[in-house]
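See structure below.
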Amino acid sequence: MKLFEMFFRERELCPLAGCNIPTFRFLGGRGLLCADYSTEFQRQRNFIIKYLSKLDVEKQMENEIIALIQYIGHKNGQRFDFNSAVSASTSNMIGALLFGSRHDYDDPDFQALIEAYHSAVKLSSQASFQNFLPYLWFLPQCKRSAHAWDNYAKSVNQILHKHRMAYNACATRGLIDAMMHQTKENDQPLFGLEDIKANSQTLYFAGSETSSSTLTWGMLFLLSYPDVCNKLQSELDEVVGKLRRPTLDDRPNLPFTCATLLEIQRCNNIAPFSGMHKATKDIKVHGFFIPKGTRILADYWSIFMNEAIWTNPRQFQPMRFLDECGNLKKVEGFIPFSLGKRSCPGESLAKPEMFLILTALVHAFTFHVPDGEMLPVPVGTTGSVYVPPKFNVCARPRQ
Ligand code: HEM
């Protein structure tokens, strides 16, 4: 016990106090992902969800989708790393939403920021055991992971610092300004500076890595199942035509496309586990006694791969989300954004974002594996997100 206390004191944070997740220690127990459930947390979460729900997501994302199409078009059929391109796009989308600004894909500072969270996610997969055995924080892989996250946090703090310097109480460039207005206007500020920092770091990473990983899994599946990709393109051509890009209003007329997106999320779900939850009181669930303070992790993978719910769950079959008449089917138990008071606050953003990006790309280009290269097997790395393997693609504009 003495030894444990020594470790904790040295780290200046007892990992067992509060619901701090060791991987996300850099957030200091603040922000949407890490803060304990409290009235203050609820008010902050509601404020952010309300802000997100009022956004015109399609308008907000329009320029970024055009930029992505142009970026891929300029590759002129040369190979490129699909995940890097799409990560730049989703990072810019969340960046614009938070700070009201975007970066060129080749901007070295922007590339460094993306690399910082990619590297942190990757290293945290090698240290994920510390979330269950927090006293092992001193092992080299845990230190490397902590260092990578600190590095990432520093990069976001720099952006935030510049943003705060240009703050104008009469303008709202994005969510961060909206939070700062709250802070300035009220005696009892809803968000302190540390909350704003933690939420910027949380939302930037949670808002980009999740969608870009899902879209990368999606491309891997579409390349592996060309019949699905052809069917998707035929549906888009028939409903949207060649003269405009797909819009959110097209969704009701694109059941196969929507089913494909759902199947991408089911088949290699980027969040195989929930965030770390904590019982706020003693409770009995299905006869099991769970004492107050117990940490709980939901296992979504076991739901999405459950043979009692899905036939051949390991196979990629978008048709499973369609009924006999070809209409989109609601399948109970399909909860990629989780449920309840800590469910994903980014759902209203992620769903249209993934629809708009995937359809815009598949509508505009035919993708193929570069000559002499092979697609990786669809097995990822589980860290804070189930990250797909890297692969290159070539894109040819469709006639
Ligand atoms: C494909 C896209 C996404 C998927 C599949 C996804 C999934 C999830 C899941 C399963 C959780 C855990 C919920 C729980 O612990 O019960 C979660 C939490 C969270 N997500 Fe997402 N997410 C996605 C995109 C986003 C985006 C775009 C944002 C930001 C705008 C975001 C922000 C968050 C945050 C802040 C939490 C923590 C919420 C809390 O603990 O109260 N996510 N997400």
Cα centroid separation, the range 40-106 to the range 142-176 (Å): 17
Residue 379-residue 396 pseudo-label distance in nm [points 7 Å out on the Cα-to-Cβ vector]: 3.3
Restricting the range 317-399 to trypsin sites (Lys or Arg not before Pro) in coil, as DSSP defines it, with at most 12 other Cβ within 10 Å: 330, 390
Lys, Arg +1 and Asp, Glu -1 on Cβ, resulting dipole of the chain about Cα centre, debye, nearest 20: 840
Within the accessible area of the range 2-397 (1.4 Å probe), percent carbon and sulfur: 54
Value at 222 nm in deg cm²/dmol, rounded to 500, when DSSP H runs of n ≥ 4 in the chain each add -39,500 (n - 2.57): -17000 deg cm²/dmol
Farthest positive-ward along the chain dipole, Cα basis, beta-carbon charges - from 216, 181, 372: 181
FRET E, pair residue 188, residue 76, Förster distance 56 Å, beta-carbon r, rounded to 0.05: 0.50
Label-point gap, in nm, between residue 135 and residue 296 - each point 7 angstrom along Cα→Cβ: 2.6
FRET efficiency, 1/(1 + (r/R0)^6) with R0 45 Å, evaluated for residue 157 and residue 323 via beta carbons: 0.35
Rough spin-label spacing in nm, given labels placed 7 Å along Cα→Cβ, for residue 178 and residue 39: 2.4
Cβ crowding within 10 Å averaged over residues, with 264-272, 291-299, 244-252 ranked highest first: 264-272, 244-252, 291-299
Per-residue ³J(HN,Hα) for the range 217-229, Karplus 6.51 cos²θ - 1.76 cosθ + 1.60, θ = phi - 60°, Hz, x for Gly and Pro: 4, x, 5, 4, 5, 5, 6, 7, 10, x, 4, 5, 5
Cut-off of 10 Å, at most 13 other beta carbons, DSSP loop: longest stretch of the chain lacking such GluC sites (Glu not before Pro): 13-306
Per residue accessible area of the chain, 1.4 Å probe, in Å²: 50
Förster radius 56 Å - calculated FRET efficiency between residue 170 and residue 239 (Cβ-Cβ, nearest 0.05): 0.85
Measure of compaction for the chain (Cα Rg per 2.2 N^0.38 Å): 1.01
Rounded tilt (10° steps) of 140-165 against the dominant C-alpha axis of the chain: 80
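The values are calculated or read from the model by the stated rules, or taken from the named source; none is laboratory data. Quick caveat: nothing in here was measured; it's all calculated off a predicted structure. When we count neighbours, we look across all protein chains shown, and the Cβ atoms used for this are built from the backbone with ideal geometry, even at glycine. Keep in mind that these areas ignore ligands, DNA and RNA; they rest on the heavy atoms of the full protein, side chains included. Shrake-Rupley method; radii C 1.70, N 1.55, O 1.52, S 1.80 Å.
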